[in-house]
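Written out below as structure tokens is the structure these notes cover.
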2 protein chains.
Amino acid sequence: MAYELPAGDPEALRRRIEAGPQNIWRYAPLLPVPADVADKPGLNPGFTKLVKADNLARELGVTGGLYVKDDSGNPTHSFKDRVVAIAVEAARAFGFTTLSCSSTGNLAGAVGAAAARAGFKSCVFIPHDLEAGKVVMAAVYGGDLVGIEGTYDDVNRFCSELIGDPLGEGWGFVNVNLRPYYGEGSKTLAYEICEQLGWRLPDQIVVPIASGSQLTKIDKGLKELIALGLVEDRPYKIFGAQAEGCSPVSRAFKDGHEVVRPVKPDTIAKSLAIGNPADGPYVLDIARRTGGAVEDVTDEEIVDAIRLLARTEGIFAETAGGVTVGVTRKLVESGLLDPSLTTVVLNTGDGLKTLDAVAAGPTVTIRPSLDAFRAAGL
Amino acid sequence: MAYELPAGDPEALRRRIEAGPQNIWRYAPLLPVPADVADKPGLNPGFTKLVKADNLARELGVTGGLYVKDDSGNPTHSFKDRVVAIAVEAARAFGFTTLSCSSTGNLAGAVGAAAARAGFKSCVFIPHDLEAGKVVMAAVYGGDLVGIEGTYDDVNRFCSELIGDPLGEGWGFVNVNLRPYYGEGSKTLAYEICEQLGWRLPDQIVVPIASGSQLTKIDKGLKELIALGLVEDRPYKIFGAQAEGCSPVSRAFKDGHEVVRPVKPDTIAKSLAIGNPADGPYVLDIARRTGGAVEDVTDEEIVDAIRLLARTEGIFAETAGGVTVGVTRKLVESGLLDPSLTTVVLNTGDGLKTLDAVAAGPTVTIRPSLDAFRAAGL
């Protein structure tokens, strides 16, 4: 599984990528996967839509072009399918027989589904109080699902112990012992955004922060495309987005600190509720180095942003998507994000998995008669 | 919006399609839409995955190649995005300002989302007792959502009255006064299946029946590809799938009748719960003419089939997908479906919208300790 970036003619590489499958395997030469990866049984995530969000842009006052990278279009409707796909290939290479993970929900579903199709057993660990949609989706693929009485950080600690124990032998924890491979999957978000912009870097990109890994890998992916000559080398800014109820990185950014002080999460954005984000310091470094920022929004602002994205672009985002859209709005208002530049906002998950967050229902319920409808006054 | 199928060189048409966008607009020359349709603000559904389902094939004993056409990958996660996309173009052409529909849920979400992005008002009508996921998804895009105290058939009748009333002036009901356009969207399922099979007809295809429209339009789409010379002309069989609790077409098929006697639906497959299917007689004709059949499965068999598809292929289907997979299993067992032939099964919706159907949860819930995990005995 060792690999290095291909040297040589950028034009040839670009043509090779463009002729590839409509999923992340078009970038196989840039990933730690075998050359025949596209032929193996997998969920084949990626190459999700980059939506030109003109209606949202008008509402936010962004004039330089606003795009939503909508990863709810992945097989289990979150960006986690990308990282799991790479981890599955590593698990095959290492001869693991069981796929596992600690998860705030999205990853559990992605691992369960990928394991089912690829022929692995699975056993995934989640906090016991997740959203119903995520619990069902984690359980339906037939593997074992273990609820842990505790927070995500407790689940994570438990999994680290399990890896060191004979009980966990032969197990590939996608986000622990397979993490170096897993993480590389997030680079594909950067690759796709640039390719879909016509092999061009975005000026600004707004990324949600959970552990912080995704943001660091997006930066890595952009740098790789520059190094390979696939895009022109020019400045880009990376912005991080958190929920106020779990904003240790945002706090450190605003306070000018280089370390991140852990917090106890309390937010509806459960997929971002990692109180002790492993890659926090790297996120701070990237945001500062590129001229970006890290910002956070309240739960109320998250719900407002979910509704805003839905009514402007017809995209129903998970709470994490509410965080990035809400933070984008806040960054425009504060002047930290330049509205005259090309901006990409990530939506990493699906509103159907966090239904409880938006209390949406019928405007009115009536008998099936014209009189009743007239009386409703719509 | 009048159009006719393009005459001339099939090779040129095929190349033009293959060079088109990765959504239904690649087939714009075969659809009643303007030539620049891909540039207008829309959800751009379609070109969803055709999954080679080898694990499921082994379980069912299908040896000739089994594929799942997975329309849960559409923007609002059902095939309805296809039909709505065509109706939206017709609504633009007719100058309608409000998009509307009667819906069992999936269509409501598709109309709400498409209206939001395309700049229409929307007002959609649903039975008051739908699944939570479908209700939230219908409401979140900011249009009006009206719950009707009654069945889908009541909702439909009400909408027909509304169209004749001044209250409904300027309203485009996608599945009533825009139905001739709307229906054409289902043809794209047939186009994509053939293109994804390498411009080849499937031997057998299993389609869910609600109103029956989708099945008739898939037949139409296959015939068009033959007429255009895009696929070789050879026999194919179309099978219809219903839930036992709403199986008027299956009943008529088995009884050898040419008319369909309406029923009062009682099934968990609410998206198929149309007791008086308008296209029932045409479905019977197509199933008989092509050598197919119409079959139904119980609610228990639907849930079993949802779980079977999930644990074999990592696809979490809506109840309607449980119906087609369950019916496929039944048809193989009864010998009506030939397991040695290439078979395509449609999954038209997403399991996240019918969560209550599958009571899936954690295998076990424990404290975060190795001792507790060991005691759980997994």
- prompt: Does at least one position in region A:152-160 carry a residue that is among the charged types (D, E, K, R), facing chain B (nearest Cβ under 7 Å), in a helix (DSSP H, G or I) and touching a residue at least 12 places away in the same chain (Cβ under 8 Å)?
  reply: yes
query: In the set A:Ser247, A:Ser271, which member is in contact with a helix residue (DSSP H, G or I) (Cβ under 7 Å, 6 or more places away or on another chain) and within 24 Å of A:Lys220 (Cα to Cα)?
result: A:Ser271
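Table: residues versus (1) open to solvent by 10 Å² or more (accessible area, probe 1.4 Å); (2) not assigned by TED's automatic domain parsing to the domain that holds A:Arg288.
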{"residue": "A:Asp165", "(1), (2)": "yes, yes"}
{"residue": "A:Glu169", "(1), (2)": "yes, yes"}
{"residue": "A:Arg200", "(1), (2)": "yes, no"}
{"residue": "A:Val207", "(1), (2)": "no, no"}
{"residue": "A:Ala210", "(1), (2)": "yes, no"}
{"residue": "A:Asp219", "(1), (2)": "no, no"}
query: Of all residues in region A:109-139 being closer than 20 Å to B:Leu56 by Cβ and out of contact with any Leu (no Cβ under 9 Å at 6 or more places or on another chain), which is surrounded by the fewest Cβ atoms within 10 Å (Cβ to Cβ)?
result: A:Gly119
- line: Note: among B:Glu89, B:Glu59, B:Glu11, just one is open to solvent by 30 Å² or more (accessible area, probe 1.4 Å) and either part of a strand (DSSP E or B) or touching a residue at least 60 places away in the same chain (Cβ under 8 Å) (or both), namely B:Glu59
task: Return the total of residues in region B:62-86 being in a helix (DSSP H, G or I) and open to solvent by 10 Å² or more (accessible area, probe 1.4 Å).
output: 3
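Give the residues of region A:228-254 that are within 19 Å of the chain's Cα centre (by Cα), of a type in the set (Ser, Thr, Tyr) and open to solvent by 10 Å² or more (accessible area, probe 1.4 Å), sorted by residue number.
Filtering region A:228-254 for residues within 19 Å of the chain's Cα centre (by Cα) gives A:237-250.
Now drop any that are not of a type in the set (Ser, Thr, Tyr), which leaves A:247, A:250.
Once the filter is applied, which keeps residues that are within 19 Å of the chain's Cα centre (by Cα), of a type in the set (Ser, Thr, Tyr) and open to solvent by 10 Å² or more (accessible area, probe 1.4 Å), region A:228-254 yields only A:Ser247.
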statement: The strands (runs of 3 or more DSSP E) lying wholly within region B:267-378 that contain at least 1 residues that are open to solvent by 10 Å² or more (accessible area, probe 1.4 Å) and more than 14 Å from every other protein chain (Cβ to nearest Cβ) are B:294-297
task: Test B:Glu131 against the criterion of being touching a Ser or Thr at 6+ places or on another chain (Cβ under 6 Å) and either outside the structural domain of B:Ala269 (by TED's automatic domain parsing) or on the phi < 0 side of the Ramachandran plot (or both), and give yes or no.
output: yes
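Considering only residues that are among the β-branched types (Val, Ile, Thr), under 25 Å from B:Asp153 (Cβ atoms) and in contact with a Gly (Cβ under 7 Å, 6 or more places away or on another chain), look in region B:85-126 and name the one that is nearest to the other protein chains (Cβ to nearest Cβ). Let's see the steps before the verdict.
Narrowing region B:85-126 to residues among the β-branched types (Val, Ile, Thr): B:86, B:88, B:97-98, B:104, B:111, B:124, B:126.
From what is left, the residues that are under 25 Å from B:Asp153 (Cβ atoms) are B:86, B:98, B:104, B:111, B:124, B:126.
Next, only the ones that are in contact with a Gly (Cβ under 7 Å, 6 or more places away or on another chain) stay: B:86, B:98, B:124, B:126.
Numbers: B:Ile86: 16, B:Thr98: 10, B:Val124: 10, B:Ile126: 8 Å.
Among those that are among the β-branched types (Val, Ile, Thr), under 25 Å from B:Asp153 (Cβ atoms) and in contact with a Gly (Cβ under 7 Å, 6 or more places away or on another chain), it is B:Ile126.
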message: Restricting to region A:127-141, count the residues that are at the interface with chain B (Cβ under 7 Å from one of its Cβ atoms) and touching a strand residue (DSSP E or B) at 6+ places or on another chain (Cβ under 8 Å).
response: 4
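The values are calculated or read from the model by the stated rules, or taken from the named source; none is laboratory data. Keep in mind it's a predicted model, so treat the numbers as computed, not measured. Cβ coordinates were reconstructed from backbone atoms using ideal geometry, including for glycine residues, and neighbour counts include every protein chain displayed. For accessibility, only protein heavy atoms count, side chains too; no ligands or nucleic acids. Shrake-Rupley method; radii C 1.70, N 1.55, O 1.52, S 1.80 Å.
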